[in-house]
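These notes are about the structure you will find just below.
The values are calculated or read from the model by the stated rules, or taken from the named source; none is laboratory data. Everything quoted here is computed from the prediction, not taken from an experiment. Every residue, glycine among them, receives a Cβ derived from its backbone with ideal geometry; neighbour counts consider all protein chains shown.
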Amino acid sequence: MIGEDERVPELLDPADPAFARDPYPYYARLRESGPAARVPLANGTHAWLVTGYEQARAVLADPRLSNVPPAAAGRPKPDSPAQRARGCLARHMLNSDAPDHGRLRRLTTAAFTPRRVDALRPRIERLTDALVSEVAGRLAREGVVDLVDAFAFPLPVLVIGEVLGVPEADRADLREWTYRVGSPADALARGAVDEAWAGLHAYFSTLIEHKRRAPGDDLFSALVHDAREGGLDDGELLAMAFLLLFAGYETTMNLLASASLLLLTHPAEAAAARAGDEARWNAVIEETLRHASPLEGTTWRRTTERVDLGGGTVIPAEDSVLVVLAAANRDPHHFPAPDAFRPARYLTGAGRPAPHLAFGHGPHFCLGSRLARLEAVVALPRLFDALPGLTLAADPAELPYRPGLLVRGPRRLPVR
């Protein structure tokens, strides 16, 4: 049996730029050693990383693993306004278990039904066309444009801003704050993360008061005034606002950026997509979700009792567990040639691949998955059809990536 003191892997530092750029060899070594491994982290703690596909699906659906963070998780931190803000904003539904999770999820599900999501398509098309036109103009004037800043970030922020009712003028501050809270503190200047938590708390507190006084036709107004199942208290409203904004653009931003990078570095696949129909673009999107998972890992889980994952791996009670979606999606037992970018595996008649885990699995499966896919299938063909000569203006091996274990994507993507 693999116990917690045996077969200890090398130290994992999520703030290391080299690891952020290419974590897959490390994950492959972990996966080869067993379905899960107890890993020493750079912050002085340990955690179990689940890297196998079958085990990831099992853990994500296992009620013996709680999503409620332990009170003393991570490094001890003194009480402060920023710590209280962090604690309040962390009360969202990804950090909850049944029955609270079910109640919180039901209150937001109506905004993400297929009908309501699909109705956003004309608006997404107009927003995309305007952004692509801006990118083309800047390329003509400046020669080089960062596709993350000019395209992959603004589109999902504009879309989720409309869904939630967040003013466009606030998007730059929100992006900076959410970037900080999703990054390891070691990768940022001292105090930057605390400032971000405090800034988000103050912003959403003000937004709630505004929606109470002047509600609009948006999801956040509905949540503020919804009395079903008792509605949401102020703390839950703050946490829900943070989660929906963060999840609403982070995943899609990384999907758009990673797909663009993959197509720019695989010109034959880009040409095939441009020559094909929407099914070909759908295949590009699904393969990007698998190959370059925008969510590197899930939120942290905690075992409430001893859990046997099979293969001699037993996780003790009260241990921290992270399901690494990026590793599970490259499990060679379920995805032939897992490190290769092959959109054709998702084409009809190509042989049914295993469902990737980019949006999770089980009760916490991402509510916004349909919206993310819609934005990508609208935006990517418009970008590459309008700018067929687009090329990278940097060595792809040197591009900086978002640090951390939660979200993954290039921080910059210069093109000419």
Which one of these is farther than 30 Å from Gly248 by Cα and small (Gly, Ala, Ser): Ala317, Ala327? Ala317
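Would it be correct to say that Thr128 is part of a helix (DSSP H, G or I), of a type in the set (S, T, N, Q) and surrounded by fewer than 20 Cβ atoms within 10 Å (Cβ to Cβ)? Quick ask: steps written out before the conclusion?
Values: part of a helix (DSSP H, G or I): yes; of a type in the set (S, T, N, Q): yes; surrounded by fewer than 20 Cβ atoms within 10 Å (Cβ to Cβ): no.
When the stated conditions are applied, Thr128 does not pass them.
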Positions within the range 383-399 being crowded, with 18+ Cβ neighbours inside 10 Å and either free of Cβ contacts under 8 Å to residues at least 24 places away in the same chain or assigned to a helix (DSSP H, G or I) (or both), in sequence order: Leu383, Phe384
Given (1) surrounded by 17 or more Cβ atoms within 10 Å (Cβ to Cβ); (2) at pLDDT below 95; (3) within 30 Å of Ala275 (Cβ to Cβ), where does Arg373 come up short, assuming only one miss? (2)
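Just to be sure, is Ala150 exposed (fewer than 13 other Cβ atoms within 10 Å of the Cβ), at pLDDT 90 or above, among the hydrophobic types (A, V, I, L, M, F, W, C) and assigned to a helix (DSSP H, G or I)? Working first, answer last.
Working: exposed (fewer than 13 other Cβ atoms within 10 Å of the Cβ): no; at pLDDT 90 or above: yes; among the hydrophobic types (A, V, I, L, M, F, W, C): yes; assigned to a helix (DSSP H, G or I): yes.
No: the conditions fail for Ala150.
When you check Ala98 against the structure, is it aliphatic (A, V, I, L, M), assigned to a loop (DSSP other than H, G, I, E, B) and at pLDDT 65 or above, yes or no?
Details: aliphatic (A, V, I, L, M): yes; assigned to a loop (DSSP other than H, G, I, E, B): yes; at pLDDT 65 or above: yes.
Judged against the criteria, Ala98 is a match.
Considering only residues that are of a type in the set (Asp, Glu) and surrounded by 20 or more Cβ atoms within 10 Å (Cβ to Cβ), look in the range 233-268 and name the one that is nearest to Arg402 (Cα to Cα). Full working, then the answer.
Filtering the range 233-268 down to residues of a type in the set (Asp, Glu) leaves 233-234, 236, 250.
Pick out the ones that are also surrounded by 20 or more Cβ atoms within 10 Å (Cβ to Cβ) and you get 236, 250.
Values: Glu236: 28, Glu250: 11 Å.
Residue satisfying both the conditions and the ranking: Glu250.
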Quick one: is Asp331 surrounded by fewer than 13 Cβ atoms within 10 Å (Cβ to Cβ) and touching a residue at least 40 places away in the same chain (Cβ under 8 Å)? no
Every listed condition ((1) at pLDDT 95 or above; (2) in contact with a helix residue (DSSP H, G or I) (Cβ under 7 Å, 6 or more places away or on another chain)) holds for Val117 save (1)
Looking at Ala189, is it at pLDDT 90 or above, surrounded by fewer than 21 Cβ atoms within 10 Å (Cβ to Cβ) and of a type in the set (Gly, Ala, Ser)? no
Please go through the range 208-230 and give me each residue that is buried (at least 19 other Cβ atoms within 10 Å of the Cβ) and under 24 Å from the mean Cα position of the chain (by Cα), ordered by number. Leu219, Phe220, Leu223
Residues (assigned to a helix (DSSP H, G or I) and among the hydrophobic types (A, V, I, L, M, F, W, C)) located in the range 109-125: Ala110, Ala111, Phe112, Val117, Ile124
Please give the helices (runs of 4 or more DSSP H) falling wholly within the range 166-285 in which 3 or more residues are out of contact with any strand residue (DSSP E or B) (no Cβ under 8 Å at 6 or more places or on another chain), without any contact (Cβ under 8 Å) to a residue 12 or more places away in the chain and more than 30 Å from Gly102 (Cβ to Cβ). 267-275
Sole residue being out of contact with any Cys (no Cβ under 7 Å at 6 or more places or on another chain), at pLDDT below 70, crowded, with 16+ Cβ neighbours inside 10 Å and of a type in the set (Lys, Arg), chosen from Arg91, Arg75, Arg57: Arg91
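Pick out, from the range 298-376, the strands (runs of 3 or more DSSP E) lying fully within it that include 1 or more residues that are under 30 Å from Thr113 (Cβ atoms) and β-branched (Val, Ile, Thr).
Values: elements: 301-303, 307-310, 313-315, 320-323.
Here the list reads 320-323.
Kindly indicate which of Ala350, Ala354, Ala340 is under 24 Å from the mean Cα position of the chain (by Cα), modelled with pLDDT under 95 and surrounded by fewer than 19 Cβ atoms within 10 Å (Cβ to Cβ). Can you show your working first?
On the way: Ala350 fails: under 24 Å from the mean Cα position of the chain (by Cα); Ala340 fails: modelled with pLDDT under 95.
The match here is Ala354.
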